[in-house]
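Working notes for the structure below.
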Amino acid sequence: MPSLAVTSPNALWNFAVSPGMGLDGVVQVRAQSFSGTGTILPDGRHVLTAAHVVEANGAILWPIHIEVDTPTGTTSIAVHSVTLHPLFDLANENHDLAILELAGPAPVTAKRYPIYREGDELGRTFTLVGYGNPGTGLTGEIHSGPEKLWGQNRFDADMAALSAKGLLAWIPKPGVQLAADMDSGSALRDALGRLLGVSHLGLGASEAIITPGDSGGPAFVDGKIAGVASYGASLWTSSAHPDIDDTVNGSFGEVAGWQRVSVHQQWIDQTLRAAYHDAPTRPAEVVPSVAEGDHGTTLVYFLVQFLGERQDPQSWVSVDFATRDGSASAFEDYLPVSGRLVLYPGEDHAVIPVEVIGDTLPEGPENFFLDVFNPQGGSFAPGVVQLTAMRTILDDDAWV
């Protein structure tokens, strides 16, 4: 399965992930004897990965668990259920995505990551992280992993552009897969420059690409999941032969494909919403307070409703949101969230879950807020620029 290959032997260890880098929300996914990479989503209860990491020949590869790096060691969490993208097509590498529902919340110390929604990925530099076989651009893989590494690259093209030129044995759907290549700084090894005319000589010592072990790993743009690693390839024509060794091993001149997260955001959002069985669906069901618990996290929900009419029933409406401290403090009493909530055709409400952190310290009740602003496709009442709701964390620890 598709580790990261870096551009020089001396740079290899500069790319090892170390404590404090904020990448502990990137996890190893183990399904039977196979392994890949995944990313913890904002609710702390789901992981986004590649479908082929957890599925083979139409069957889910149970048992599945994730391994999360923490400052005190590695925590293993079982996977409770798997949702594959309904259009997953391994033969053509389309919609190669899966969402794993965990049997319990991720550790509080593990970072959660929102998804990238903007659709402007082409030409953007991204950070890729994964577990697998380390290597260099000159040699390809050095030895088998797994080892957690990171690097950078740039999304140069839509993978379907390579298919349109007859360079692929599979057929990517336009707009679904993003392509990047492993550049050495030389035009000779600029695969997408030579094959598509999209010239870019790389990012120097930070240049990296996926090799076995990185499948399902994130490509971060602006700290958000913009791509999910899917596969690597060695491509050539009679007049252009960019791969340094003609082997798919993470060497200079290779190309790799990522599933484009922005075009899959509706499926991701609605899969998560369907998993919140205890979430309110109308104002009367909203619970304004939550007991903090003694450990882990507990979800509290904010309900957002759209009461207007859409001029186009197929349009999306959205708001941005962000939590804000009251007497409760972010990272001590709750895990802050921010992002964009989208209501898709046929939806008039959705929830924003926030994790409340359990502890055994007597503190008394505390509160925090969620601000909702920047409506798109609709509007607030005249003169209103922001809506705010409050939740109270009830202390369940005795004073002595």
Residue identified as among the β-branched types (Val, Ile, Thr) and within 20 Å of THR37 (Cα to Cα) among ILE171, ILE210: ILE210
Residue under evaluation GLY250, criteria (1) closer than 20 Å to VAL53 by Cβ; (2) open to solvent by 10 Å² or more (accessible area, probe 1.4 Å); (3) modelled with pLDDT under 95, criterion not met: (2)
Determine whether THR139 is open to solvent by 20 Å² or more (accessible area, probe 1.4 Å) and in contact with a Pro (Cβ under 8 Å, 6 or more places away or on another chain). yes
Note on HIS349: of the conditions (1) over 30 Å from VAL263 (Cβ atoms); (2) touching a Ser or Thr at 6+ places or on another chain (Cβ under 9 Å), unmet is (1)
Within the stretch 210-232, of all residues that are aliphatic (A, V, I, L, M) and at pLDDT 95 or above, the one farthest from GLY339 (Cα to Cα) is ALA229
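Can you spot a residue in the stretch 24-36 that is of a type in the set (Asp, Glu), modelled with pLDDT under 95, open to solvent by less than 50 Å² (accessible area, probe 1.4 Å) and not in a strand (DSSP E or B)?
Of the residues in the stretch 24-36, the ones of a type in the set (Asp, Glu) are 24.
Checking which are modelled with pLDDT under 95 leaves us with 24.
Still in the list and also open to solvent by less than 50 Å² (accessible area, probe 1.4 Å): 24.
Filter once more, so that each one left must be not in a strand (DSSP E or B): 24.
Checked the stretch 24-36: at least one residue is of a type in the set (Asp, Glu), modelled with pLDDT under 95, open to solvent by less than 50 Å² (accessible area, probe 1.4 Å) and not in a strand (DSSP E or B).
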Can you name the residue in the stretch 387-400 that is loosely packed, with under 12 Cβ neighbours inside 10 Å and of a type outside the set (A, V, I, L, M) and is also farthest from the chain's Cα centre (by Cα) among such residues? TRP399
Restricting attention to the stretch 285-298, does a residue exist that is open to solvent by 30 Å² or more (accessible area, probe 1.4 Å), more than 21 Å from TYR113 (Cα to Cα), at pLDDT 95 or above and charged (D, E, K, R)? yes
Please enumerate the residues belonging to the stretch 188-197 that are open to solvent by 40 Å² or more (accessible area, probe 1.4 Å) and part of a loop (DSSP other than H, G, I, E, B). GLY197
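Among the candidates SER239, SER230, single out the residue that is open to solvent by 10 Å² or more (accessible area, probe 1.4 Å) and among the small types (Gly, Ala, Ser). Don't jump to the end; show me each part of the working.
Values: SER230 fails: open to solvent by 10 Å² or more (accessible area, probe 1.4 Å).
Of the residues listed, the single one that is open to solvent by 10 Å² or more (accessible area, probe 1.4 Å) and among the small types (Gly, Ala, Ser) is SER239.
When you check THR74 against the structure, is it open to solvent by less than 10 Å² (accessible area, probe 1.4 Å), outside any loop (DSSP other than H, G, I, E, B) and either farther than 27 Å from ALA160 by Cβ or of a type outside the set (A, V, I, L, M) (or both), yes or no? Outline the logic, then answer.
Numbers: open to solvent by less than 10 Å² (accessible area, probe 1.4 Å): no; outside any loop (DSSP other than H, G, I, E, B): yes; either farther than 27 Å from ALA160 by Cβ or of a type outside the set (A, V, I, L, M) (or both): yes.
For THR74, the condition - open to solvent by less than 10 Å² (accessible area, probe 1.4 Å), outside any loop (DSSP other than H, G, I, E, B) and either farther than 27 Å from ALA160 by Cβ or of a type outside the set (A, V, I, L, M) (or both) - is not met.
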Please enumerate the residues belonging to the stretch 304-337 that are buried (at least 17 other Cβ atoms within 10 Å of the Cβ), among the hydrophobic types (A, V, I, L, M, F, W, C) and within 25 Å of the chain's Cα centre (by Cα). VAL304, VAL317, VAL319, PHE321, LEU335, VAL337
Given the options THR211, THR247, name the one that is within 26 Å of LYS111 (Cα to Cα), part of a loop (DSSP other than H, G, I, E, B) and hydroxyl-bearing (Ser, Thr, Tyr). THR211
Filter result for the condition that a residue is closer than 25 Å to PRO375 by Cα and of a type in the set (Asp, Glu), over GLU309, GLU292: GLU309
Just name the residue that is nearest to HIS95 (Cα to Cα) out of those in the stretch 153-210 that are touching a strand residue (DSSP E or B) at 6+ places or on another chain (Cβ under 7 Å) and polar (S, T, N, Q). GLN177
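The values are calculated or read from the model by the stated rules, or taken from the named source; none is laboratory data. Values in this document were obtained by computation on a predicted structure and should not be read as measured data. Neighbour counts are summed over all protein chains in view; Cβ atoms, including those assigned to glycine, are modelled from backbone coordinates with ideal geometry. SASA here: full protein model, heavy atoms, side chains in, ligands and nucleic acids out. Shrake-Rupley method; radii C 1.70, N 1.55, O 1.52, S 1.80 Å.
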